[in-house]
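The values are calculated or read from the model by the stated rules, or taken from the named source; none is laboratory data. On a predicted model such as this, the values are computed, not experimentally measured, just so you know. With ideal geometry, Cβ positions are generated from the backbone for all residues, glycine too; neighbour counts draw on all protein chains shown.
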């Protein structure tokens, strides 16, 4: 609705009215979930190569870039599909405005994916096709760049969410930590699933990463759940959607149990009894539950009318 037109500049002033629907839906949830896996395997893979290179080095070097590349492309695909004007995406690269978190994130994510792509080519040619690869010496230097870039790539979405008008629940500092913890949770879970023959010491370290990430994430969510109303009335109104009788109450707690509580319990009993088989269920539960948790946390602030 046009409110007025300024003749001197031809500027049009419009009324800022709320959009009465959820704008960021399952595509953004899938975006964040896939990005957590794509960057998480890089973080945890770097740890494994630094500490247990002689034991798991070759398997990590093979699977880490391939898994990361697959999930990064899922992340980028659904990011593109969610854009209102996807065919104008190239403007970000040819007419960039680096004051925008979206632009900075797009550049970093593209560079990061390109590095992972080259690493994947090296792995496929050397280890899978068993052919000589002239780029083999680039693997380790590229991996160092990938680890550095994985940090802002996994966290920049939190900045975009924090910029949203009147969405106090998506505070940037808390969301930055949650994005990083989600990556560590997924990365450790993925390697626990594919590292069935690894030694107990390797699985123990991965289990500790998984359990610690789940505990810290759960603590932050519970902090918002029980004390968020002290921060702002808007947060209290949003949290009401997951409180007793809230429309997302059951789904919220399902996510908390599947993503965090069950994995924490399974990790505890696994370490106590030196039983690695429980870690398969903990890992699968964490990955599935994280999607549910992220989805609820993404949707509930958008249910609150802004008018």
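Specify which of the listed residues (46, 34) is closer than 14 Å to residue 185 by Cα and touching a helix residue (DSSP H, G or I) at 6+ places or on another chain (Cβ under 9 Å). Please lay out each step first, then the result.
Numbers: 46 fails: closer than 14 Å to residue 185 by Cα.
Result: 34 is the single residue among 46, 34 that is closer than 14 Å to residue 185 by Cα and touching a helix residue (DSSP H, G or I) at 6+ places or on another chain (Cβ under 9 Å).
Just for the stretch 124-137: of the residues that are surrounded by 15 or more Cβ atoms within 10 Å (Cβ to Cβ) and out of contact with any helix residue (DSSP H, G or I) (no Cβ under 7 Å at 6 or more places or on another chain), which one is nearest to residue 88 (Cα to Cα)?
In this case the residue turns out to be 124.
Would you mind stating whether residue 214 is under 22 Å from residue 167 (Cβ atoms), assigned to a helix (DSSP H, G or I) and touching a helix residue (DSSP H, G or I) at 6+ places or on another chain (Cβ under 8 Å)?
On the way: under 22 Å from residue 167 (Cβ atoms): no; assigned to a helix (DSSP H, G or I): yes; touching a helix residue (DSSP H, G or I) at 6+ places or on another chain (Cβ under 8 Å): yes.
Here the answer is no, as residue 214 does not meet what is asked.
Cβ-Cβ below 7 Å, separation at least six or inter-chain, first residue in the stretch 148-167 and at positive phi, second assigned to a helix (DSSP H, G or I): which pairs?
Note: pairs meeting the criteria are 166/234.
Return the residues of the stretch 39-71 that are touching a residue at least 40 places away in the same chain (Cβ under 8 Å) and farther than 28 Å from residue 200 by Cβ; say none if nothing qualifies.
Selection gives 69 alone.
Working carefully through the options 176, 185, 180, 192, find the one that is in contact with a helix residue (DSSP H, G or I) (Cβ under 8 Å, 6 or more places away or on another chain), more than 29 Å from residue 23 (Cβ to Cβ) and assigned to a helix (DSSP H, G or I).
On the way: 176 fails: more than 29 Å from residue 23 (Cβ to Cβ); 185 fails: more than 29 Å from residue 23 (Cβ to Cβ); 180 fails: more than 29 Å from residue 23 (Cβ to Cβ).
Going through 176, 185, 180, 192 in turn, the sole match is 192.
Taking into account only those residues within the stretch 195-211 that are assigned to a helix (DSSP H, G or I) and within 17 Å of residue 63 (Cα to Cα), which is modelled with the highest pLDDT?
Filtering first and then ranking leaves 206.
Right, residue 288: surrounded by fewer than 21 Cβ atoms within 10 Å (Cβ to Cβ), outside any helix (DSSP H, G or I) and at pLDDT 90 or above or not?
Details: surrounded by fewer than 21 Cβ atoms within 10 Å (Cβ to Cβ): yes; outside any helix (DSSP H, G or I): no; at pLDDT 90 or above: yes.
Against the criterion (surrounded by fewer than 21 Cβ atoms within 10 Å (Cβ to Cβ), outside any helix (DSSP H, G or I) and at pLDDT 90 or above), residue 288 does not qualify.
So that you can scan it fast, the table gives a plain yes or no per residue for (1) within 29 Å of residue 202 (Cβ to Cβ); (2) at pLDDT 90 or above; (3) under 25 Å from the mean Cα position of the chain (by Cα):
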| position | (1), (2), (3) |
| --- | --- |
| 220 | yes, yes, yes |
| 223 | no, yes, yes |
| 228 | no, no, yes |
| 241 | no, yes, yes |
| 250 | no, yes, yes |
| 256 | yes, yes, yes |
| 259 | yes, yes, yes |
| 270 | yes, yes, no |
| 274 | yes, no, no |
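Please list, ordered by residue number, the helices (runs of 4 or more DSSP H) wholly in the stretch 9-123 having 1 or more residues that are modelled with pLDDT of 80 or more and buried (at least 21 other Cβ atoms within 10 Å of the Cβ).
Where helices (runs of 4 or more DSSP H) fall fully within the stretch 9-123 and carry at least 1 residues being modelled with pLDDT of 80 or more and buried (at least 21 other Cβ atoms within 10 Å of the Cβ), they are 26-82, 101-123.
Need pairs with beta-carbon distance below 6 Å; first residue under 22 Å from residue 254 (Cβ atoms) and within the stretch 228-243, second at pLDDT below 80; sequence gap 6+ or separate chains.
Sorted first by the residue in the stretch 228-243, then by its partner, the pairs are 235/168; 235/228; 239/228.
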